[in-house]
1. Which percent, to the nearest 5, of DSSP beta bridges fully inside the chain are antiparallel?
2. As a check on your grasp of the helix formula, calculate [θ] at 222 nm for the chain: sum -39500 (n - 2.57) over DSSP H runs of n ≥ 4, divide by the residue count, round to the nearest 500.
3. Ordering 208, 232 by how much accessible area each has at a 1.4 Å probe, largest first, what is the list?
4. Which distance in Å, rounded to a whole number, links the C-alpha centroids of region 36-109 and region 117-184?
5. Report D for region 1-143 in µm² per second (integer): Stokes-Einstein, Kirkwood Rh on Cα pairs, 25 °C, 0.890 mPa s.
6. Mind ordering 245-258, 142-155 by average Cβ neighbours within 10 Å, highest first?
7. Would you list the P(r) distribution for region 127-254, with all Cα-Cα distances sorted into 5 Å bins from 0 and each bin expressed as a whole %?
8. Near residue 47, which aspartates and glutamates are there with a Cα under 19 Å away, not counting those fewer than 8 places off in the same chain?
Amino acid sequence: MQVDVTTRLGAPTPKTPTGLAILDRMLGGGIKTGTLVGITGGAGLGKTALSLLLAYMAARSRAAVIFTSVTLDETEIMARLAARALHREYAQTVVTYGDIWSGDAWQEPVTRGPVSESVEIVSKKVGSMLHLHKLAPLESTRSLHKLASELWSRHERMVLVVDGVEALSASCDGDPEAARAANSSLDGRIAQVSYELRRIAEEGCAVVASSQLRNADLLFPAATFGAELRAVESALPVPMTEQALALGARPLDLVVRKNTLGPTGIVPLRFVAGAATFEERAP
């Protein structure tokens with residue numbers, strides 16, 4: 001078969017920034033269309049928060065974004081994003097996303113205004129670019145492919161963010177027998193789902209997918225870029241503000257284990273759990 005590569009390659013698609021300068025440098029400027037970015041880590045280290053941050057920053061850069069989750073709904077997502085905006089705009093305010101999600105922050109006169117303003121900030125910055133797809137348990141990757149294809153035909157850049165590959169089942173291109181075989185074991189299902197997400201990316205978008213740490217070796221072979229969130233083991237204290245400490249901030253490292261785009265290494269981060277966000281910290 002003769003293929004004209006000039007018609008298939010086309011013009012380079014602009015990369016999508018992550019909002020984390022060191023991570024962007026490792027990615028060669030940001031998340032590239034056609035790539036699968038894998039994020040893994042132990043329980044409670046912020047995989048969902050990091051996935052949502054990458055989704056939000058992509059939408060801010062005017063990429064069309066689909067954020068998929070089996071656990072998060074629209075209310076919790078807005079609460080998390082509003083808490084991040086509040087943390088950035090009101091440095092002395094200690095309000096967690098749980099306070100916003102439960103409605104407690106709306107009952108206090110001193111926090112009602114800042115919280116309302118933070119919600120407005122989020123709405124203005126991402127507008128109609130950030131979409132939530134609530135996953136059904138073991139939903140097929142085929143439905144994600146359909147959702148993605150509806151957006152990438154209308155936008156220059158499109159990013160699909162999957163909060164937990166464990167929630168998906170493999171489609172095997174619609175072959176029922178192959179799908180049954182792939183989905184018959186957890187390891188087989190996650191490995192097949194990871195490669196199917198990579199194929200979705202190669203058709204015209206970027207995919208960010210997270211997994212539990214024990215499943216990293218099933219996700220990373222398919223990934224273009226794979227990194228693990230790790231707790232920082234150090235006897236030296238990491239300087240933090242009183243507000244950050246009150247919001248449950250702690251240092252983490254994003255350890256890059258696979259990178260076909262550039263160098264491996266460590267992205268030093270601070271996870272502000274109450275504000276559901278990450279910030280770069282000094283190494």
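The values are calculated or read from the model by the stated rules, or taken from the named source; none is laboratory data. These figures come from a predicted structure and were not determined experimentally. Every residue, glycine among them, receives a Cβ derived from its backbone with ideal geometry; neighbour counts consider all protein chains shown. Side chains included, ligands, DNA and RNA excluded: accessible areas come from the protein's heavy atoms. Shrake-Rupley method; radii C 1.70, N 1.55, O 1.52, S 1.80 Å.
1. The answer is about 40 percent antiparallel.
2. -11500 deg cm²/dmol
3. 232, 208
4. Measuring centre to centre over Cα atoms gives 18 Å.
5. Numbers: Rh = 17.3 Å.
Roughly 142 µm²/s, to the nearest whole number.
6. Values: 245-258: 18.1, 142-155: 15.9.
Put in order of decreasing packing, that is 245-258, 142-155.
7. 2, 9, 17, 18, 16, 12, 9, 8, 5, 2, 1, 0
8. Excluding near neighbours in sequence, the set is 24, 73, 74, 76, 163, 166, 217, 228, 233, 253, 279, 280.
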